[in-house]
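Let me begin by presenting the structure, written as structure tokens, before commenting on it.
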Amino acid sequence: MAVQEIRLEDLDPQAFIEEKVAEISSAVEGLAINALSGGVDSSVVTMLGHRALGKDLKTYFIENGLMRQDESREIVSTFADLGVPVEVLDAQDRFFGALKGVTDPEAKREAITQTFYRDVFGRLVRQSGARYLLQGTNYTDVEETVAGIKRQHNILEQLGIDTQRQYGYKVIEPIVQLRKSGVRAVGKALGLPERIYRRPPFPGPALAARVIGEVTRERVATVRAATKVVEEELSGTGAFQYMAILHEDRVTGIRDGKRDFGLQIEVRCWESKDALAGRPTRLPFDLLERLSQRITAEVPGVVSVTYNIASKPPSTIEAV
Ligand code: XMP
């Protein structure tokens with residue numbers, strides 16, 4: 001692998017920031033754009049890019065229809081407070097169009113990748129005249145993709161994809177040498193609010209990584225509602241990551257005295273340092289029961305809630 005990792009113990013966040021700001025300023029001529037999802041990685045890249053380029057960086061929140069509840073509103077307002085304007089681009093129809101009928105996990109990732117980089121960004125780049133895309137690929141993304149475990153949606157050049165030729169822009173990856181812990185340290189040093197730099201990871205394909213089978217608006221709405229409950233109940237645990245997953249299989253349940261062939265939600269809650277390996281958190285049974293009561297009461301159609309007790313490996317953190 002050509003990329004050289006910077007370990008947390010070797011990282012000097014302030015020096016890293018100065019170096020990356022200088023690198024971005026000298027690499028970019030004219031305009032650059034970036035997509036902010038509100039996760040730690042894209043938030044750090046947005047701040048580095050903003051420091052380096054000011055108004056010459058155009059930051060977009062791509063509303064792909066796959067994000068969590070109220071995400072775009074919250075992120076736009078957080079960054080407005082930091083002095084960074086963020087434009088919301090509604091691309092939901094394009095993403096759901098590309099995902100229609102797609103059930104294979106890697107095909108889903110590919111559909112999202114192509115929609116994001118070619119359709120949405122390709123178009124934005126042509127309209128704005130930008131020739132650079134800043135993005136928050138980190139060291140673990142590269143490592144897992146190159147190892148062939150999962151195709152992380154943001155990996156391009158490491159797979160031999162020439163973005164300049166295929167999409168018309170060059171990709172700049174300022175945090176590619178860092179793992180999550182390093183990115184968080186840089187986020188703190190950049191003055192991001194703690195709720196951002198401490199945020200649990202969230203995958204690039206967003207809630208599509210948590211829907212087994214076809215990703216439709218309706219199925220995303222189900223997993224979104226379950227995610228809200230899981231995040232409310234588990235944010236206090238200090239776990240590395242927690243999530244709700246919508247299964248494709250249905251199971252027999254009972255509602256209002258009648259048979260209901262309903263939906264199943266799987267809850268996962270992980271202990272992990274860097275997402276390379278993980279163990280399920282030993283949640284108290286009361287909390288598990290509350291989760292199941294709330295999810296079956298608050299998420300229409302759900303009759304079954306399970307808790308994943310497998311470790312990574314052989315499981316992975318996300319289900320898709
Ligand atoms: P996995 O599921 O590979 O996830 O164990 C490792 C970490 O990366 C986060 N993440 C992604 N996972 N596709 C994924 O499957 C992506 O594009 C992606 N982006 C980030 C994931 O949430 C976990 O923390």
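Please list, by residue number, every one of the GluC sites (Glu not before Pro) in region 12-100 that is coil in DSSP and has at most 12 other beta-carbon atoms within 10 Å.
Glu29
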- Query: Just for the Cα atoms in the chain, what are the lengths along the principal axes, largest first, rounded to whole Å?
  - Reply: 67, 42, 39
- Task: Calculate how many DSSP beta bridges within the chain are antiparallel, expressed in % of all such bridges and rounded to the nearest 5.
- Result: 40 percent
- Coil-residue trypsin sites (Lys or Arg not before Pro) of region 57-100, DSSP, other Cβ within 10 Å capped at 11: Lys100
- Computed about the Cα centre, the charge dipole of the chain from +1 Lys/Arg and -1 Asp/Glu charges at the Cβ has a magnitude in debye, to the nearest 20, of 440 debye
- Note on the structure: Surrounding charge for Tyr139, neighbours by C-beta under 12 angstrom, Lys/Arg +1, Asp/Glu -1, total -4
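Tell me what the chain gives for mean residue ellipticity at 222 nm when only DSSP H runs of n ≥ 4 count, each as -39,500 (n - 2.57), the sum divided by the residue total, rounded to 500 deg cm²/dmol. Intermediate results must be reported in sequence, preceding the final value.
On the way: 12 runs with 124 residues, N = 320.
Computed mean residue ellipticity for the chain: -11500 deg cm²/dmol.
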- Message: Under 23 Å between alpha carbons: how many lysine pairs meet that in region 1-160, if sequence neighbours fewer than 8 apart on the same chain are excluded?
- Response: 5
- Query: DSSP loop trypsin sites (Lys or Arg not before Pro) in region 192-255 with at most 15 other Cβ atoms within 10 Å of their Cβ, which ones?
  - Reply: Arg198, Arg250
- Message: Once you order the gyration tensor axes a ≥ b ≥ c over the Cα atoms, which shape class does region 143-259 get: rounded for a/c under 1.5, otherwise prolate or oblate by comparing a/b with b/c?
- Response: oblate
- Note on the structure: Expressed in nanometres to one decimal, the distance between label points 7 Å along Cα→Cβ at Ala221 and Ala277 is 4.3 nm
- Task: Calculate the spin-label point distance for Glu9 paired with Leu89, positioning each point 7 Å from the Cα along the beta-carbon direction, and give it in nanometres.
- Result: 4.2 nm
- Message: What does the charge count around Arg198 come to, taking other residues whose C-beta lies under 14 Å from its C-beta (Lys +1, Arg +1, Asp -1, Glu -1)?
- Response: +2
- Task: Go ahead and run the numbers for FRET between Arg255 and Ala310, Cβ-Cβ distance against an R0 of 30 Å, rounding to 0.05.
- Result: 0.55
- Message: Just to confirm, what accessible area per residue do you get for the chain at 1.4 Å probe, in whole Å²?
- Response: 46 Å²
- Note on the structure: With Cα coordinates, the longest principal axis of the chain makes an angle with the long axis of helix 71-81, in degrees rounded to 10, of 40 degrees
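In whole percent, how big is the carbon plus sulfur part of the accessible area of region 1-93, probe 1.4 Å, protein atoms only?
Heavy-atom surface of region 1-93 belonging to carbon and sulfur, 1.4 Å probe: 45 percent.
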- When Lys and Arg each count +1 and Asp and Glu each count -1, what net charge do the other residues less than 14 Å away from Ser77, Cβ to Cβ, add up to? -3
- Message: When the expected Rg is taken as 2.2 N^0.38 Å, what fraction or multiple of it is the alpha-carbon Rg of region 73-152?
- Response: 1.32
- Query: Once the dipole of region 179-320 is set up with Lys and Arg at +1 and Asp and Glu at -1 on Cβ about the Cα centre, which of Ala310, Trp270, Val229 lies farthest towards its positive end?
  - Reply: Trp270
- Rounded to two decimals, the Rg over Rh value of region 4-146 from Cα coordinates and the Kirkwood Rh reads 0.98
- Task: Write down the percent of antiparallel bridges among all DSSP beta bridges whose residues are both part of region 196-320, to the nearest 5.
- Result: 70 percent
- What shape does region 190-249 have by the C-alpha gyration tensor, where a ≥ b ≥ c are the square roots of the eigenvalues, rounded means a/c under 1.5, and otherwise prolate means a/b greater than b/c and oblate the rest? prolate
- Query: Among Asn154, Ser292, Ala107, whose Cα sits farthest toward the positive end of the charge dipole of the chain (+1 at Cβ of Lys/Arg, -1 at Cβ of Asp/Glu, about the Cα centre)?
  - Reply: Ser292
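The values are calculated or read from the model by the stated rules, or taken from the named source; none is laboratory data. This structure is a prediction, so every number in the text was calculated from the model and none was measured. Cβ atoms come from the backbone with ideal geometry, glycine included; neighbour counts cover every protein chain shown. To get the accessible areas, we keep the full protein, side chains included, count just its heavy atoms, and leave off ligands, DNA and RNA. Shrake-Rupley method; radii C 1.70, N 1.55, O 1.52, S 1.80 Å.
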